[in-house]
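The values are calculated or read from the model by the stated rules, or taken from the named source; none is laboratory data. For clarity, every value in this text was computed on a predicted model and none was experimentally measured. We place every Cβ from the backbone using ideal geometry, glycine too, and count neighbours over all the protein chains shown. Heads up: the accessible areas ignore ligands, DNA and RNA and are worked out on the full protein's heavy atoms, side chains in. Shrake-Rupley method; radii C 1.70, N 1.55, O 1.52, S 1.80 Å.
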Amino acid sequence: MPLLPLTCHPATPADAVRRLDAEVDRRPDGLLCVTFRLVGELDRLRIPSAGVSRLGARLWEHTCFEAFVAVADATAYHEFNFAPSGEWTVYAFAGYRDGGVLQDPTVTPGLVVRRADEQLELAVQAALAPLSPRHSTATLRLGLSAVVEAHDGTLSYWALRHPPGRPDFHHPDAFAVKLEPTPPAC
């Protein structure tokens with residue numbers, strides 16, 4: 001899949017960020033792999049130091065990266081939040097914002113954070129099968145987004161596609177990528 005650029009919501013500018021993009025790979029073994037890359041003046045942003053991967057809470061209040069995953073013909077969806085600290089949270093929703101934290105240890109994602117002078121990279125692997133039996137074999141809708149916190153505490157909101165109005169990553173229009181199932185290798 002080509003590089004997917006995330007754009008900043010016009011109401012929340014962030015001049016310290018030059019570029020934010022993502023790469024997505026849906027593997028035949030049922031893993032969803034997403035790599036987020038933020039390029040900019042990292043010293044002007046609040047980016048927590050990488051630590052041990054663990055369950056977090058309210059990650060969207062600070063710098064974090066998000067993946068929203070839905071089976072193409074369903075209203076239910078899942079939200080993955082990943083912080084540069086190594087924290088993560090998975091949510092399950094029956095419909096638009098109708099849900100909460102998913103308490104299932106089988107959905108624990110793999111998370112790797114790399115930081116260089118002006119680039120932050122966060123690579124994740126999430127197993128799709130624990131979400132539902134259909135997630136491994138069905139066509140999926142995917143929304144990718146990020147919240148970036150500046151040193152002064154202001155937040156900017158980044159997404160593949162922003163619906164009209166205020167930032168809303170849960171809006172159906174934000175699910176901008178269609179992922180077909182990957183056939184197994186011969």
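Going 7 Å from the Cα of T182 in the Cα-to-Cβ direction, what parts of segment 13-55 have a backbone nitrogen less than 17 Å from that spot?
22-36
Express the relative contact order of the chain as a whole percentage, based on alpha carbon pairs under 8 Å and six or more residues apart in sequence. Mind dumping the intermediate values first?
Numbers: 434 pairs, mean separation 48.2, N = 186.
With pairs under 8 Å counted, the relative contact order is 26 percent.
Using a Debye calculation, one point per C-alpha and no hydration shell, please list log10 I(q)/I(0) for segment 95-151 at q = 0.31 Å⁻¹ in order.
-1.32
Modelled label-to-label distance, A11 and Q119, 7 Å Cα→beta-carbon offset: nm?
Here the modelled spin labels are 3.3 nm apart.
Take the solvent-accessible surface of the protein heavy atoms, probe 1.4 Å, and return the percent of it on segment 1-155 that carbon and sulfur atoms account for.
It is 54 percent, rounded to a whole number.
Take W88, W60 and sort them by solvent-accessible surface of the protein heavy atoms, 1.4 Å probe, largest at the top.
Details: W88 25, W60 95 Å².
Result, largest first: W60, W88.
For segment 95-186, state which chymotrypsin sites (Phe, Trp or Tyr not before Pro) are in a DSSP loop and have at most 16 other beta carbons lying within 10 Å of their beta carbon. Could the numbers behind the result be given before it?
Working: sites: Y96, Y157, W158, F169, F175; in loops: Y96, F169, F175.
Here the chymotrypsin sites (Phe, Trp or Tyr not before Pro) that fit, given the DSSP loop and packing criteria, are Y96.
Go through (1) 38, 20, 16; (2) 25, 18, 16; (3) 31, 18, 14 and flag the label whose value is the computed semi-axes √(5λ) of the Cα gyration tensor in Å for this structure.
Answer by label: (2).
Round to the nearest 0.05 the FRET efficiency obtained for Y96 and R18 when R0 = 35 Å and r is the Cβ-Cβ distance.
0.60
Between A72 and M1, 0.36 nm times their residue separation minus their Cα-Cα distance comes to what?
Length gained, A72 through M1: 23.8 nm.
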